[in-house]
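Worksheet for the structure shown next.
The values are calculated or read from the model by the stated rules, or taken from the named source; none is laboratory data. Please read all numbers here as calculations on a predicted model, not as lab measurements. Ideal geometry is used to build each Cβ from the backbone, glycine not excepted, and the neighbour counts take in all protein chains shown.
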Amino acid sequence: MAGCLDNIQIRRPEWLELGEKRNAIASIAAGTAFFTGWWIIIDISARYTDGNDFYNAFHVCGVLGTLSLFMINAVSNGHIRGDAYTSGVFGQTAARIWLFIGFVLGFGSVIAAIWILFGVYVIPADNKKVYPGIGIFFQNALIFAGSLIFKFGRTEDLWN
């Protein structure tokens, strides 16, 4: 059953052939997602300055998401496979643990943003302003999407 779709040929359009531009396109897309996420939260911080509608403690989710972006992309795929870094105290195991902690921080920041959205802005009936909660969610979702695009959208073959 694994090979039932192996004979299907899908012709890709000529403009879809990325070739050597793949790293540049992935970097631009990831940077745009990261920038848009932080731009949304800067807009919310500038719009809701009184402290009643938006608490400054909600910035922790975005900071942890940004830390996750750096942790996920600090480890190359060669480190994970064990090709690039074989010497040292930890080697491949430490690289995998570092990547796992980065993904946990990323997922945790998105989950915390969802919890803030529903727990503070959607469920209470007295709060009519939902935009800060939606902005916190989109900030963390875009930062995490940017980290995934930057990690898996690039290829390391051109660096050799």
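Considering only the stretch 111-156, state which residues are farther than 21 Å from Asp43 by Cβ and crowded, with 19+ Cβ neighbours inside 10 Å.
Correct list: Ser147, Ile149, Phe150, Lys151, Arg154.
What are the pairs with Cβ atoms under 7 angstrom where one residue, in the stretch 36-65, is at negative phi and the other, located anywhere, is modelled with pLDDT under 90 and surrounded by fewer than 15 Cβ atoms within 10 Å (Cβ to Cβ)? Sequence gap at least six, or different chains.
As it stands, the answer is Asp53/Lys129, since those pairs meet every condition given.
Quick check on the stretch 118-154: of everything there that is among the basic types (Lys, Arg) and over 11 Å from Leu69 (Cα atoms), which residue is farthest from the chain's Cα centre (by Cα)?
Initial filter on the stretch 118-154 (among the basic types (Lys, Arg)): 128-129, 151, 154.
With the extra rule that they be over 11 Å from Leu69 (Cα atoms), the set shrinks to 128-129, 154.
Working: Lys128: 29, Lys129: 26, Arg154: 14 Å.
Out of the qualifying residues, it is Lys128.
Does the stretch 64-83 contain any residue that is touching a Phe, Trp or Tyr at 6+ places or on another chain (Cβ under 6 Å), part of a loop (DSSP other than H, G, I, E, B) and closer than 29 Å to Ala26 by Cα?
Within the stretch 64-83 (the criterion being touching a Phe, Trp or Tyr at 6+ places or on another chain (Cβ under 6 Å), part of a loop (DSSP other than H, G, I, E, B) and closer than 29 Å to Ala26 by Cα), the answer is yes, since at least one residue qualifies.
Search the stretch 125-148 for residues that are assigned to a loop (DSSP other than H, G, I, E, B) and pair each with any residue that is among the hydrophobic types (A, V, I, L, M, F, W, C) when their beta-carbon atoms are under 9 Å apart and the residues are at least 6 apart or on different chains.
Asn127/Val120; Lys129/Phe54; Val130/Leu117; Val130/Val122
One residue is enough: does the stretch 44-54 have a residue meeting the conditions among the hydrophobic types (A, V, I, L, M, F, W, C), at pLDDT below 90 and under 30 Å from Val120 (Cα atoms)?
Initial filter on the stretch 44-54 (among the hydrophobic types (A, V, I, L, M, F, W, C)): 44, 46, 54.
Still in the list and also at pLDDT below 90: 54.
If we keep only those that are under 30 Å from Val120 (Cα atoms) too, we end up with 54.
Yes; the residues of the stretch 44-54 include at least one that is among the hydrophobic types (A, V, I, L, M, F, W, C), at pLDDT below 90 and under 30 Å from Val120 (Cα atoms).
From the list Ile25, Ile40, which residue is out of contact with any helix residue (DSSP H, G or I) (no Cβ under 9 Å at 6 or more places or on another chain), at pLDDT 80 or above and surrounded by 13 or more Cβ atoms within 10 Å (Cβ to Cβ)? I'd like the intermediate steps shown before the answer.
Numbers: Ile40 fails: out of contact with any helix residue (DSSP H, G or I) (no Cβ under 9 Å at 6 or more places or on another chain).
That would be Ile25, the only listed residue that is out of contact with any helix residue (DSSP H, G or I) (no Cβ under 9 Å at 6 or more places or on another chain), at pLDDT 80 or above and surrounded by 13 or more Cβ atoms within 10 Å (Cβ to Cβ).
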